[in-house]
Amino acid sequence: MTNIHTNHGTTNLQLTNTHEIAVRPVAIQPEPLIATDATDRLIAQIEGEERCASRIKSTPVIGPRNQHMTVGDAEDEVHHIKMIISLDEDRIDEKQNSLRHRLAPRWLKLLALFMLIFVDYPIMFLMASSIFNVDWSDPFGIPLLISVVVATLSTGGAAAALHHLGHEHREHKNDKGQLEWRTLSKSSRATLIAVALLLLLIGWGSYQRIYTEGVLSGSNLAVLLALLVSFVLVISAWLIWRTAFRDGSVLTDDLARYSRIVNHYVALQRSHEDNAAKLRHQLNVVLRRAQRNAGTIPLQPPA
């Protein structure tokens, strides 16, 4: 046996009795087989998902004041507003927390809504039905329809006005969650007087109507009943204004709007990242399977 060195390695030669040279076949390890079509498709999909995820922060959006901005700008605004609120609350003594940016509790909002639906509206409807002489023995008709419309408009309109004015007055809240007359502007003072006049009108109108009905019916409790109903309506109306006034501040409204924008696009970004991770896992599975299949191919002698 003789070893011959060549540029491609060493070949084993064996001399036979007839002095012929026989070449022993040498097993050559093949290269791993890769499913190029599947891997190329998966790699392209992964790159596409990663590009979509990286472009999320540069996506143009419309801000809460109809300003043009990107998702990244909205995220910066969220951090900026949080810092302002935190610094504003840190100005107060440790024993006394600032109430300026505190949101109204959920139970207070539900109570105001309950009073509006189950107290204000029924009372206003009964007063309207008495004014338009609804015949309860045969109630269906024009008087009942007018009573429903008047009660709905008066109750809904007064509640909407009080809620709007309460939101507007939040800008002038102090750290105790109160209004200071000397710090209010002329327009704010005018709107606050409008709230007081609206409450007075609700109380006076309900008192006059209930008192008149009581006198006509010959009741000895007309005054007491009229005072009770008017007091309940005034408290209910004041509760609507107070709930809107206590419900955070202008900064908390901006924080909520910017957060909704950011959270929506962060969810999209995470969705793209999750899809890229799943595709990357599929790519690894395809590569391992291709390598495993390539390693089990039987060796064949060269031709």
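Take the conditions (1) within 30 Å of Arg100 (Cα to Cα); (2) surrounded by fewer than 17 Cβ atoms within 10 Å (Cβ to Cβ); His163 misses just one of them, which is (2). For the range 260-276, which residues satisfy the criterion of being among the hydrophobic types (A, V, I, L, M, F, W, C) and surrounded by 12 or more Cβ atoms within 10 Å (Cβ to Cβ)? Ile261, Val262, Val266, Leu268, Ala276, listed by residue number.
Would you be able to say whether some residue in the range 265-280 is more than 19 Å from the chain's Cα centre (by Cα), within 29 Å of Ile43 (Cβ to Cβ) and polar (S, T, N, Q)?
Checked against the condition, which is being more than 19 Å from the chain's Cα centre (by Cα), within 29 Å of Ile43 (Cβ to Cβ) and polar (S, T, N, Q), the range 265-280 yields at least one hit.
Test of understanding: among Val285, Val232, Val215, which residue is of a type in the set (A, V, I, L, M, F, W, C), assigned to a helix (DSSP H, G or I) and within 30 Å of Gln178 (Cβ to Cβ)? The match here is Val232.
Among the criteria (1) open to solvent by 90 Å² or more (accessible area, probe 1.4 Å); (2) at pLDDT 90 or above; (3) not in a helix (DSSP H, G or I), the one Lys95 does not fulfil is (2).
From the list Ala128, Ala53, pick out the single residue that is crowded, with 16+ Cβ neighbours inside 10 Å, touching an Asp or Glu at 6+ places or on another chain (Cβ under 9 Å) and of a type in the set (Gly, Ala, Ser).
So the residue among Ala128, Ala53 that is crowded, with 16+ Cβ neighbours inside 10 Å, touching an Asp or Glu at 6+ places or on another chain (Cβ under 9 Å) and of a type in the set (Gly, Ala, Ser) is Ala53.
Of the residues Ile240, Ile235, Ile210, which is open to solvent by 40 Å² or more (accessible area, probe 1.4 Å), within 23 Å of Ala158 (Cα to Cα) and either among the aliphatic types (A, V, I, L, M) or in contact with a strand residue (DSSP E or B) (Cβ under 9 Å, 6 or more places away or on another chain) (or both)? So the residue among Ile240, Ile235, Ile210 that is open to solvent by 40 Å² or more (accessible area, probe 1.4 Å), within 23 Å of Ala158 (Cα to Cα) and either among the aliphatic types (A, V, I, L, M) or in contact with a strand residue (DSSP E or B) (Cβ under 9 Å, 6 or more places away or on another chain) (or both) is Ile235. The residue pairs whose first member lies in the range 164-175 and is within 17 Å of Asp254 (Cβ to Cβ), whose second member is crowded, with 18+ Cβ neighbours inside 10 Å and among the charged types (D, E, K, R), and whose beta carbons are closer than 6 Å, counting only pairs six or more residues apart or on different chains, are Lys173/Arg100. Beta carbons closer than 7 Å, at least 6 apart along the sequence or on distinct chains, pair a first residue in the range 55-84 that is modelled with pLDDT under 90 with a second that is of a type in the set (Gly, Ala, Ser) and surrounded by 12 or more Cβ atoms within 10 Å (Cβ to Cβ) for Gly63/Ala74. Of the residues making up the range 219-240, those that are in contact (Cβ under 8 Å) with a residue 40 or more places away in the chain and over 16 Å from Phe114 (Cβ atoms) number 1.
Scan the range 176-200 for residues that are out of contact with any helix residue (DSSP H, G or I) (no Cβ under 9 Å at 6 or more places or on another chain) and touching a residue at least 60 places away in the same chain (Cβ under 8 Å) and report the count. Of the residues in the range 176-200, 1 are out of contact with any helix residue (DSSP H, G or I) (no Cβ under 9 Å at 6 or more places or on another chain) and touching a residue at least 60 places away in the same chain (Cβ under 8 Å). May I ask you to verify whether Thr212 is among the polar types (S, T, N, Q) and under 42 Å from the mean Cα position of the chain (by Cα)? For Thr212, the condition - among the polar types (S, T, N, Q) and under 42 Å from the mean Cα position of the chain (by Cα) - is not met. Looking only at the range 131-154, decide whether some residue is open to solvent by 80 Å² or more (accessible area, probe 1.4 Å), within 26 Å of Leu251 (Cβ to Cβ) and not acidic (Asp, Glu). No - not one qualifying residue is present in the range 131-154. Determine, yes or no, whether Glu213 is in contact (Cβ under 8 Å) with a residue 60 or more places away in the chain and farther than 25 Å from Ala104 by Cβ. In short, yes.
The values are calculated or read from the model by the stated rules, or taken from the named source; none is laboratory data. Computed from a prediction, not measured in an experiment: that's the story for all the values here. Quick reminder, even Gly has a Cβ in these numbers, built from the backbone with ideal geometry, and neighbours come from all protein chains shown. Note: accessible area is taken over every heavy atom of the protein model, side chains too, but ligands, DNA and RNA are not part of it. Shrake-Rupley method; radii C 1.70, N 1.55, O 1.52, S 1.80 Å.
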